[in-house]
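S.K.: Let me give you the structure first, and then I'll get to my questions.
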Amino acid sequence: MYSGVSGLRNHQTRLDTIGNNVANVNTAGFKGDRVTFQDAFNQTLEAASAPNERGGTNPQQVGLGMNIGSMDTIHTQGSLENTGRDTDLAIEGDGFFVVNDGQSDMFTRVGNFGVDSEGNLVSQGTGYKVQGYAYDEDADEINTDEIVDMEIPLGDVVDPEATENVKYNGNLNSNTEPGETVSTTVNVFDNLGSEHTLNLEFEESGENEWQMTVRKDGILIEDEIQVSFSDDGELTSVGDEGTSYSINDFEATVQDFGGLSDSAKEDLGFDIDDDNGHDEDNIQGMLMRNDVQAGNAEAEDVAALAIEVEGRYEWYHPDDINFDSLEEGDYSPDVDPIFTQDQEPQNDEEVDLLNAPGGIEFDLGDVRQVAGESTVEGVAEDGQAQGELETYEVDSAGIITGTYTNGETRQLGQVVLSDFTNPGGLEKLGSGLYQPTRNSGEPSYGIAGTGGRGEIAPGALEMSNVDMGEQFTDMIVTQRGFQANSRSITTGDEVLQELVNLKT
């Protein structure tokens, strides 16, 4: 009877386990359990005897029921379901995500993560913070020496950077006639993140010789830069700096427009015979290049003119200003200003029109001179406007890459995985979480795809590994075992009843 009781009790435990498996058949990241049995103690009625004059005998034992041999968590791979959510992650292979409740690490296969109001990557079910490696901006790499809370700071701002390197390639037609020009334009950024147009113009000046002129937003920055090629079309020098040329700054001085000579004003398009003088009154200042004084200046020395528009001072290239419109009170040229300032321009104030603290280097090393169409073009290798973190994605190694509104991409961090020598030794905590035990081994932290850890599948969740067919089969077998043990108890009770009836 007592053997039947033990069988009844332990089969009930197995039914409970099977029921829990079936209940979690659609639970993301769930790992099914199993129960195995083993026999209990045996009562020895007669020990075994060795052979002598007659043969030996085997021991005579009566079993005293059964016990649970083990309760195991089956850590096999579950199928993956695509969700399309950037923060949903699944593991293909071994390993666990690491989350932290503020006091200790816990481990999970459930990757339904999200971003909270403070930009933390968290488990949606518990709010625990996902752990990983942060990006070190100074070293320009992921710092794998320290595990921290993962952050995805949507709306985070990156500072603007000035363009300091422009690389050119292509061809200058060797059959170009002297005096003819070839022009190429590239967009660059200043140190405030404003976009500007940088123009290089090449004028054929002799055999294998060209004169290069640099303009920014139409303003002459530097000219008469000698560009030389060898007889086989290879670039030999740009100015005195090899195959590259650097312009470190371009400072212009604010001066009074009225100080210009009449001839210079006429060359700019200003009508000196205008009796009302409105034109001159509306010019709030001019930028003179190369420290030329207004009285000695020519029209080409004027880099920009300032016009007051609604309390702000906008600087334009002289060619973009229609002086007749100014007389009529129209202060809005059809182009964007070169730059704008809030304060009234002050005489002798210096303005850096290059706005690139490190200067700009023009690399012409890949430009050739052969017979054929001129195809010179440039590419800005750096520089950017201000940008905000707009979107992000996670790759199979767990690296989180953010995309900013200015087109820049940056690594934000890397999700860490952990593995154990004996995953079956982990203790379940609920909500898909596990914690280590003495038999699981210590967690081994690292990067996905290394050290036996699986890879990360972004935009997917791992489903339960419970096999419904297997569970129903086990349920039937266990139910039969439960019934059989209950019958043995019933039979034992009937036998006892017969013994009681013997007294009567």
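The values are calculated or read from the model by the stated rules, or taken from the named source; none is laboratory data. Predicted, not measured: the structure shown is a model, and the values here were computed from it. Glycine gets a Cβ as well: all are built from the backbone with ideal geometry, and neighbour counts include every protein chain shown. Accessible surface areas use protein heavy atoms only, side chains included; no ligands, DNA or RNA. Shrake-Rupley method; radii C 1.70, N 1.55, O 1.52, S 1.80 Å.
S.K.: Please give the helix 468-502 orientation as an angle from the longest Cα principal axis of the chain, in degrees from 0 to 90, rounded to the nearest 10.
M.R.: Relative to the chain, helix 468-502 is tipped by roughly 20 degrees.
S.K.: Run the 1.4 Å probe and let me know the accessible area of S6, rounded to the nearest 10 Å².
M.R.: Using a 1.4 Å probe on the heavy atoms, I get roughly 10 Å².
S.K.: Given a 1.4 angstrom probe, I'd like the percentage of the accessible area of the stretch 411-504 that is carbon and sulfur, rounded to a whole number.
M.R.: Looking at the stretch 411-504 in its full context, I get 52 percent from C and S.
S.K.: With the other protein chains left in place, how much accessible area per residue, in square angstrom, belongs to the chain at a 1.4 angstrom probe?
M.R.: That works out to 53 Å² for each residue.
S.K.: Would you kindly calculate the mean projected area, averaged across all directions, of the convex hull enclosing the Cα atoms of the stretch 1-85, in square nanometres?
M.R.: Result: a mean projected hull area of 8.7 nm².
S.K.: Could you please report the charge total around W210, scoring K, R as +1 and D, E as -1 over all other residues with beta-carbon less than 9 angstrom from its beta-carbon?
M.R.: -3
S.K.: Right, something else. Can you give the net charge of the other residues whose Cβ lies under 15 Å from the Cβ of G32, counting K and R as +1 and D and E as -1?
M.R.: -2
S.K.: Please list, or write none, the lysines whose alpha carbon is within less than 19 Å of the alpha carbon of K129, excluding same-chain residues fewer than 8 places away.
M.R.: Reachable lysines: K428.
S.K.: How many nm is it between the label spots at D336 and E300, if each spot is 7 Å from the Cα in line with the beta carbon?
M.R.: Result: 2.9 nm between the two label points.
S.K.: Taking the Cα atoms only, what angle lies between the long axis of helix 2-23 and the longest principal axis of the chain, rounded to 10 degrees?
M.R.: Tilt relative to the chain: about 20 degrees.
S.K.: Cα to Cα, under 20 Å, and not fewer than 8 places away if on the same chain: which lysines meet these conditions relative to K167?
M.R.: K167 reaches K216.
S.K.: Ranked by accessible surface with a 1.4 Å probe, highest first, in what order do R487, R85 come?
M.R.: So, going from the largest accessible area down, we get R487, R85.
S.K.: On to the next question. Output the peptides 307-318, 436-447 sorted from most to least packed, where packing is the average of other Cβ atoms within 10 Å over each peptide's residues.
M.R.: 307-318, 436-447
S.K.: Which value in Å does the Kirkwood hydrodynamic radius of the stretch 404-471 take, with 1/r averaged over all unlike C-alpha pairs and then inverted?
M.R.: 15.2
S.K.: Additional query: The list (1) 33, 31, 23; (2) 41, 36, 28; (3) 87, 26, 17 gives values of semi-axes √(5λ) of the Cα gyration tensor in Å, and only one came from this structure; which label was calculated from it?
M.R.: (3)
S.K.: When the distances between all Cα atoms of the stretch 89-156 are binned every 5 Å from zero, what whole-number percent does each bin get?
M.R.: Over the stretch 89-156, the share of Cα pairs per 5 Å bin runs 4, 17, 24, 24, 19, 10, 2 percent.
S.K.: In nm, to one decimal, how far is the V22 label point from the E350 one, both placed 7 Å along Cα→Cβ?
M.R.: 8.6
S.K.: About its Cα centre, how strong a charge dipole does the chain have in debye, to the nearest 20, once Lys and Arg get +1 and Asp and Glu get -1 at the Cβ?
M.R.: In total the dipole reaches around 8780 debye.
S.K.: Continuing with this model, one more query. Determine the calculated [θ] at 222 nm for the chain from helices alone, applying -39500 (n - 2.57) to every DSSP H run no shorter than 4 residues and normalising by the residue count; nearest 500 deg cm²/dmol.
M.R.: Calculated mean residue ellipticity at 222 nm is -5000 deg cm²/dmol.
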